[in-house]
Amino acid sequence: MILGEWRIMPENYWKKSVHNKTDFFSFTYDLTTPIKRDSFSFLKSFSYLFIVLFITSCGTQSGINKATRADWSSELGSHSRDGRSEVEVLIPPLNLTSYHISSYSNSTRKNPVNEKSSPVIYDNILYASSVFGKVSAIDLVSGDVLWSYKIKTNIEAGIGVSDEIVVIGDLDGTVYGIDRNSGELKWQTALKSTILSSPLIDDTSLYIQTSDNKVYSLSTADGSSNWIYGRIDLGSVYRRYKTSIAMGDGKLFTMTSDGYLVAIDKKSGGEKWRIKVLNDALYADMLRTTPVFANDKVYALNDNGNLSAYNKDTGKEVETYTFIKGKDFLVTENSIIFSAEGYLKAFSPSGLPLWSREYKKNSKPHTIIATDNTLFSIYNMKSWGSTKSNIEALDLKSGTLLWKKRFSEPAYTALALSDSFAAFTANDGRVYVIQTNYPASREDR
């Protein structure tokens, strides 16, 4: 074991066959920051190793433990879709790990797979799906693939995870409930309309939206229907923009294809209120259309790119932020951060500028998430005819760059954060995981 040095592991360092000889995943390590060789670094690294070995020795060899830490159980993190994590993660030096999750073996830059399903992390297990229908569970500590399940139809929706079940929907409108421990199919329910949204799982119920403007509550035990929300005046108007449901204070909040922000009682499925937000629904394809429940309010972008906050009980607009136009946003207790093509900008809740970070004109930040102290941004940048993805970590209060990592493939999924891991899926059919470096190789485990 080597401590206090750069180490770059070969890409084929760790490969393992899963189910058949042609289905592989691999690990790739890249230390982004060297460690100084001194006694403090040695003791620090030794402490990290002791902690990991202790945690590993406490785990079980069969089955999956229930979550005991701050998990990222659905797209954008929690039920509120606020993109916030409760733990500090990703302290350099860092390792880079990648897993091939696509069932399409020729996934290269010449044959992009256009992955759109965001991964999640639950109890240090990575759950990811490929557009070609493969759902996988990977232990991020051991590197073992715990199980894989193949769906016959393509997938663009995100995953939802709870202690017992993994839920995902496909483009044919079928919802699948997969046992989290075994990877076996427990049930499937046909909803008959394209599913692009990420489900929410709450106790014994799950909530999911289809592209014909219906919201469903299903039982997590057998997939049976609890209730269906659908407006009669809207009918089955179909819109393909990707909106997911946010939850807070016993209500579900979502957007409909005619531009309404709607609040639904999560127990009965009854409409509590709705308010017109988007006058031009076609523009919604360019915006983050998933609302956010934060600071006891509901936040949503309008078709001018301005952000508004709404009373959770009445739907009355209580705040409007017209000082900037964005395509995505993040709300914290002390700041509101906007992203759009070419910039990230942070403001106080009263509109006072805090900091800004500019990018090249061909750079497009498309997802921003944060811990209490760190903002993570993933964006794509065109260069010499190709598009590459970048991840940046910024100080949340000052906007100062902490570290940056570039990848050879574009990415259009959201980041997942949990403990010492961050993950996203790229267009080469691989899910990339950045991990705090303890330890640096599998031999050290």
Residues in the stretch 392-445 that are basic (Lys, Arg), modelled with pLDDT of 85 or more and part of a loop (DSSP other than H, G, I, E, B) total 1
Within the stretch 282-302, the count of residues that are modelled with pLDDT under 80, within 16 Å of SER244 (Cα to Cα) and among the hydrophobic types (A, V, I, L, M, F, W, C) comes to 3
Could you check TRP147 against (1) within 13 Å of SER74 (Cα to Cα); (2) more than 19 Å from the chain's Cα centre (by Cα) and say which number it fails?
-> (1)
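Can you tell me how many residues within the stretch 172-193 are within 20 Å of the chain's Cα centre (by Cα) and either hydroxyl-bearing (Ser, Thr, Tyr) or surrounded by fewer than 17 Cβ atoms within 10 Å (Cβ to Cβ) (or both)?
Here the count works out to 1.
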Odd one out for THR400, checked against (1) surrounded by fewer than 20 Cβ atoms within 10 Å (Cβ to Cβ); (2) out of contact with any strand residue (DSSP E or B) (no Cβ under 6 Å at 6 or more places or on another chain); (3) closer than 24 Å to SER383 by Cβ = (3)
Can you pull out the residues in the stretch 196-223 that are more than 21 Å from VAL131 (Cα to Cα) and part of a strand (DSSP E or B)?
-> ILE201, ASP202, SER205, LEU206, TYR207, VAL215, TYR216, SER217, LEU218, SER219
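The values are calculated or read from the model by the stated rules, or taken from the named source; none is laboratory data. Computed from a predicted structure; not experimentally measured. Don't worry about glycine lacking a Cβ; one is built from the backbone with ideal geometry, like all the others, and counts go over all protein chains shown.
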